[in-house]
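The values are calculated or read from the model by the stated rules, or taken from the named source; none is laboratory data. Only a predicted model underlies this, so the values are computations on that prediction, with no experimental measurement involved. A quick note on method: Cβ atoms are made from the backbone with ideal geometry, for glycine too, and the neighbour counts reach across all protein chains shown.
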Amino acid sequence: MGTIRLTVAQAVVRFLANQYSERDGHEQRLIPGCFGIFGHGNVAGVGQALLEAQVTGSADLPYYLARNEQGMVHASVGYATTRNRLQALACTASIGPGSANMLTGAALATTNRIPVLLLASDIFATRVGSPVLQELELPSGYDISVNDAFRPLSRFFDRVWRPEQLPAALLGAMRVLADPAETGAVTLALPQDVQAEAHDWPEELFARRVWHVARPVPERAALARAVAAIRSARRPLLVAGGGVIYSEATAELARFAEATGIPVADTQAGKGAIRWDHPQAVGGLGSTGSPVANALARDADLVIGVGTRYSDFTTASRTAFQHPDVRFVNLNVTALDAAKHAGVMLVADAREGLAALAEGLSGHRVEDDYTRSHREHLDRWNHVVDEAYHLGHQPLPAQTEVLGALNETVGPNATIVQAAGSMPGDLQMLWRAEDPQQYHVEYAFSCMGYEIAGALGIKMAAPEREVYSLVGDGSYLMMAQEIVTAVSEGIKLIIVLVQNHGFSSIGSLSESLGSQRFGTWYRFRNADTGLLDGDKLPIDLAANAESLGADVIRVKTIDEFRTALDAARAATRTTAIHIETDPLAPVPSSESWWDVPVSEVAQLDSTRQARKTYEGHKAEQRPLLTPVTDERTS
Ligand SMILES: Cc1ncc(C[n+]2csc(CCOP(=O)(O)OP(=O)(O)O)c2C)c(N)n1
Ligand SMILES: [Mg+2]
C-alpha cells in the first residue's frame with residue numbers, strides 16, 4: 001500500500017468522509033457534516049481542509065457555519081438524537097474561548113448519551129511562540145490547555161500532539177461514537193500547528209469503514225432471572241426511557257405491553273416510545289408525570305426500567321416507589337443504568353431485550369383486575385388534561401392552552417422541541433405523543449438555550465418534519481442566535497416564543513420552597529422594595545426575532561395562536577409566533593415531589609414553613625438498595 005501526503009486537518013476531513021454506521025443492514029454516513037466557527041486556531045487548518053474538500057471534491061464533508069459554539073453542539077445533539085444515534089455531526093472550534101464555548105454542549109451530549117464529535121483547536125504543540133493568544137498558561141504545567149476541561153465531559157478524549165498519533169485517535173473516536181453503551185461527547189484536541197502539518201499517511205487510513213452499531217443480546221442467565229422476577233410480580237410497572245426510541249424498539253414495547261398487560265409509563269426522553277392512547281399507556285412518571293402513573297408506581301412491586309437512567313425527575317427523588325418489597329428489573333445497554341436500584345441487570349439492546357423477555361414470558365399475563373384498575377383513573381386524568389388544554393384563562397392565556405393548541409394540531413409528522421423552564425414539566429404531564437419522534441425534550445441536562453439550536457439540528461436530520469421550537473423568554477434571551485443560521489441555510493423552523501417576563505418555573509419552585517419568587521422576574525428594580533419586582537420591561541422579543549431574519553406573528557389569544565400556527569405551517573421561511581402567557585396560571589398536579597433542599601434554619605417564616613413540608617417529603621425517600629432475592633428470580 002502506498003501513502004498519501006496530507007495535512008493532519010486534511011486527513012481528518014478525508015477520514016471522516018469515509019466513515020459509515022450500520023444497524024439492521026442499513027448503512028448511513030456516520031459523520032455526514034461539520035459545523036464550525038473559525039478563528040486563528042482552525043481557520044488555516046480544519047478550515048482549509050474543509051474548503052479544499054469542497055472545491056476539489058476530494059472528500060464529502062459539508063460545512064455549516066453556526067453563530068455560537070455552544071449552539072452548534074446543541075444542534076448536533078438534536079441531529080444525532082433524531083437519527084437515533086446512528087449518525088453524529090462534527091464541530092470545529094477555534095482555540096481558547098471558541099472551544100471553551102463547546103463545554104456546555106459536551107456536558108449536555110454526554111449526560112443525554114448522544115454522540116457528537118468535537119474538534120477542539122489547541123495551543124501550538126511546538127510552543128515556540130507561547131503564550132499564544134487565548135492560551136490559558138498555567139504555572140503548574142505547560143501541556144495543560146483550556147481543552148483539558150473536556151476530559152471529564154467526554155466519553156473519549158485525545159490530544160493529537162503529533163501526526164503519528166492521529167490514526168489511533170480517529171479510530172478510538174469512531175468506536176466510542178458508534179457504541180450505544182459508550183457514546184456521548186467525543187473530543188479530539190488538535191493543536192493549531194499540528195492541524196497544518198503534512199504527513200505521509202498510509203492509504204488504508206482512508207478506506208471506507210463501516211461501524212456496526214451493536215444490538216447486544218441478553219445473557220441467558222440474566223434473562224431467566226428477569227423473567228422469573230416479572231412472573232412473580234403482581235403489580236409490575238414498565239418505565240420506558242429514551243433507549244426504547246434510540247433502539248427503534250417501540251413496536252416490541254407495544255407488543256410486550258399487549259401480551260403481558262403490564263402498564264407502561266414514560267420518561268422525558270421516552271415519551272413517544274408508546275402512543276399516549278395505547279391501552280397500556282399510563283403517561284409520564286415522576287415529579288412532572290401523570291397522577292395515574294404515579295399512583296401505579298407507588299404500589300408497584302416490580303419496576304421494569306427499559307432504556308432509562310432513572311433521573312430524579314423519573315423517580316420523584318426516590319419517593320415514587322413505596323411498596324415495601326419493590327424490586328427492579330433493568331433492561332439497558334449500559335451496565336451503569338442496568339445496575340441501578342439494585343435491580344436484576346439485563347444488559348442488552350432494548351429491542352433485543354424486549355423480544356427476549358416477551359418470549360420468556362410467553363403465556364404470562366398480569367391479572368385482569370390489575371390491568372383494569374387504573375382505567376377509571378386514566379379517564380378522569382384525560383378529562384383534566386382536556387380542561388388544562390381549554391382553560392379559557394383571562395386576561396392572558398395559560399401556557400397549558402398554548403401546549404394544547406399545539407398538541408391538537410401538529411400531527412404525528414412534527415417534532416416539538418423544549419429543554420428548560422416550566423414547559424418541560426407541563427409537557428411531560430400533558431403532551432399526548434403519537435409518534436416516537438414527536439416529542440423532543442432535552443431533560444438530562446435541561447439546558448436553557450437548547451430549544452432553537454437543537455431544533456435546527458432536528459430539522460436538518462428530518463427535513464420532512466415540521467419542527468417547533470417552544471422557547472421561554474428566559475431561554476430565548478440566553479441563546480436565540482441560531483435563528484440566523486436557520487435563515488442563512490434556508491432551514492424552516494416554527495418558533496413559539498412564550499413571553500411571561502421571567503422564570504415561571506423557578507418562580508413557582510422558589511415560592512413552594514419559601515423563597516418568594518426572589519430574583520425570578522425580568523422586571524425593573526423597584527425603588528420601594530429594592531427588588532426586581534417593578535413594572536414589566538419594555539422589551540420586544542418578537543422584534544428581536546424579526547431582526548435576526550425570522551418572519552414574526554404576534555398573537556394575544558389562543559384563537560389567534562391557532563390561526564398563526566396555520567400561517568406558520570403554510571410558510572416556507574422560519575417563522576416565530578410570539579404570545580404572552582400568565583406565569584401564575586394553574587397547572588394540574590402530578591401528585592409527586594422533587595427534592596430541592598430548603599434552608600434548615602431561616603428567619604423568614606415562608607422558609608420555615610417550607611422546611612416543614614420538605615422534611616415530610618424527605619421522610620418518604622427510599623434508598624432502593626435491596627437486592628432481588630433468589631426466590632423472586634427462580
Ligand atoms: C443554562 C441554564 N441556566 C440556568 C438554568 C436553571 N433554570 C431552569 S428553568 C429557568 C428559567 C427558564 O425561564 P424561561 O425560559 O422564561 O421559562 P419559564 O420558566 O418562564 O417557563 C432557569 C433559570 C438552566 N436550566 N439552564
Ligand atoms: Mg419565562
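If only one of Ala388, Ala453, Ala419 is modelled with pLDDT of 95 or more, small (Gly, Ala, Ser) and under 19 Å from Ala293 (Cβ atoms), which one is it?
Ala388
Return the pairs, sorted by first residue and then second, in which the second residue is not in a helix (DSSP H, G or I), the first residue lies in the range 56-78 and is of a type in the set (D, E, K, R), the beta carbons are less than 7 Å apart, and the residues are 6+ apart or on different chains.
Pairs found: Asp60/Ala17; Arg67/Gln481; Glu69/Ile37; Glu69/Ala93; Glu69/Asn101; Glu69/Met102.
Any idea which of Asn84, Asn112, Asn68 is polar (S, T, N, Q) and at positive phi?
Going through Asn84, Asn112, Asn68 in turn, just one is polar (S, T, N, Q) and at positive phi: Asn84.
What is the residue count in the range 558-590 for residues that are closer than 20 Å to Leu427 by Cα and assigned to a loop (DSSP other than H, G, I, E, B)?
10
Return only the number of the condition from (1) closer than 18 Å to Gly71 by Cβ; (2) of a type in the set (Gly, Ala, Ser); (3) surrounded by 22 or more Cβ atoms within 10 Å (Cβ to Cβ) that Ser504 does not satisfy.
Condition not satisfied by Ser504: (1).
Where in the range 418-508 are the helices (runs of 4 or more DSSP H), entirely inside, with at least 3 residues that are within 16 Å of ligand 2 (Cβ to nearest atom)?
So the answer is 423-430, 450-461, 473-478.
Take the residues in the range 520-529 that are under 17 Å from Val471 (Cα atoms) and out of contact with any Ser or Thr (no Cβ under 9 Å at 6 or more places or on another chain); name whichever of them is surrounded by the most Cβ atoms within 10 Å (Cβ to Cβ).
Trp521
Results for (1) within 15 Å of ligand 1 (Cβ to nearest atom); (2) crowded, with 17+ Cβ neighbours inside 10 Å, shown as yes or no for each residue.
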residue	(1), (2)
Met429	yes, yes
Ala433	no, yes
His440	no, yes
Lys459	no, yes
Ala486	no, yes
Val496	yes, yes
Gly514	no, yes
Phe518	yes, no
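When you scan the range 81-128, how many residues do you find that are out of contact with any strand residue (DSSP E or B) (no Cβ under 9 Å at 6 or more places or on another chain) and farther than 29 Å from Thr308 by Cβ?
3
Which number in (1) of a type in the set (A, V, I, L, M); (2) out of contact with any Lys or Arg (no Cβ under 9 Å at 6 or more places or on another chain); (3) within 13 Å of ligand 2 (Cβ to nearest atom); (4) closer than 24 Å to Pro424 by Cα marks the one condition that Ile553 misses?
Single failed check for Ile553: (3).
Between a residue in the range 125-144 that is without any contact (Cβ under 8 Å) to a residue 60 or more places away in the chain and any residue that is loosely packed, with under 11 Cβ neighbours inside 10 Å and hydrophobic (A, V, I, L, M, F, W, C), which pairs come within a Cβ distance under 7 Å, given they are 6 or more apart or on different chains?
none
Mind checking whether some residue in the range 538-552 is assigned to a helix (DSSP H, G or I), within 16 Å of ligand 1 (Cβ to nearest atom), within 30 Å of Cys34 (Cβ to Cβ) and not charged (D, E, K, R)?
There is at least one residue in the range 538-552 that is assigned to a helix (DSSP H, G or I), within 16 Å of ligand 1 (Cβ to nearest atom), within 30 Å of Cys34 (Cβ to Cβ) and not charged (D, E, K, R).
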